[in-house]
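See structure below.
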Amino acid sequence: MNFKRIIEIVSIGIFIFVLWKFFQMPIDWGVFYKIEIATLSIIVIGMIIVRIIWILQWKIMQDKLSKVSFKDSILISFSTLYLLYFPLRVGQFLMRMYLFKERGIPYKDSGASLFAQFILAFVFMSLTLPLLIFFIPTEYIQSFISNNFKFLILMFILVVVVIALLKIRKGLHNLFDNLLTKLLNKSASNEAIKRNFRELRDNVKYLMFNKKLLIKVNIFFVIGYLIYFYLMSLLWNDMGHDISFILLMLIFFVSYVIGFISQVPNGLGTQETSYAYLLSLVGISFEIALIVGFIWRFIGVVMDLGISGIANLIRKHY
């Protein structure tokens, strides 16, 4: 049994354990009724807008390589949302690449833009985290420091080590270059495939280190996340908690990274649990935080599956 399979089995086990513990908790399910229909409607509409913003962001990168119509971008991206919740998220990327190929977009172009967008999102979150700390209200920081001093020391040591070892721009450049070169050497069995991999690698490097393009892409990131966390704050307000907008961003980004590392499909379960735990460190009830996290996830899953189903029906007749 290889290491990757062990990680997948352990991650699925953690996911099942989290769900089991969640339904064992003495939860007051009446809190669900605190959500107003108007708030729910705003969240759903807002989430669709956020999805469109991030699709437009991808389209900007894709158009640098091969032009794609706005209609195709929306329809194909929406129709593959259901694949977010199946093992190996790469399945969504592959399906989008296949469907765009039917529209005349080469695999090397769509693959490069999708890969670049995913990595840029991860980098954006990682670089934004330390900046957000400066905007967190003082009372949250004081509460966190007084209750988690040892945890802070450990995190400080880890941050120092990471800063000492990484030269961000050069490190990223080498990472992508080495990763794709190894993939090229191991996976390519003939010259045509090797050439496609080289072109894919070159496209990714072009998108990742084009300064003007990065400015445009990051503007879309900022707009999308501002709307996203405003919607999240509306849900918290309905639950009777006025939580700092910046704090929500900081904790969500950290929990997203944890969910990504866990290997569970789209971080289901592990992301919500880490989200609740981090909020509990600043004085929010773990139970309430976990409920809100699962409600937020439930809204997102139902919306994505619904949109995906409708988009697939439209695409079949398009």
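The values are calculated or read from the model by the stated rules, or taken from the named source; none is laboratory data. Owing to the predicted nature of the structure, the values given are computational and were not obtained by experimental measurement. Here the Cβ positions follow ideal geometry from the backbone for every residue, glycine too, while neighbour counts run over all protein chains shown.
Figures for the structure shown
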quantity	calculated
Ile258 being at pLDDT 80 or above, under 24 Å from Leu83 (Cβ atoms) and assigned to a helix (DSSP H, G or I)	no
Pair list, Cβ under 6 Å, 6 or more apart: segment 60-84 residue within 18 Å of Asn203 (Cβ to Cβ), other residue surrounded by fewer than 19 Cβ atoms within 10 Å (Cβ to Cβ) and at pLDDT below 90	Ile60/Lys216
Residue that is surrounded by the most Cβ atoms within 10 Å (Cβ to Cβ) [pool: residues in segment 296-318 that are in contact (Cβ under 8 Å) with a residue 12 or more places away in the chain and among the aromatic types (Phe, Trp, Tyr)]	Trp296
Qualifying positions in segment 56-71 - assigned to a helix (DSSP H, G or I) and buried (at least 19 other Cβ atoms within 10 Å of the Cβ)	Gln57, Trp58, Lys59, Met61, Gln62
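Matching residues to (1) touching a Cys at 6+ places or on another chain (Cβ under 7 Å); (2) within 18 Å of Tyr230 (Cβ to Cβ); (3) surrounded by 14 or more Cβ atoms within 10 Å (Cβ to Cβ); (4) modelled with pLDDT of 90 or more:
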residue	(1), (2), (3), (4)
Phe32	no, no, no, no
Thr39	no, yes, yes, no
Ile45	no, yes, no, yes
Ile53	no, yes, yes, yes
Ser73	no, no, yes, no
Ile76	no, no, yes, no
Ser79	no, no, yes, no
Leu84	no, no, yes, no
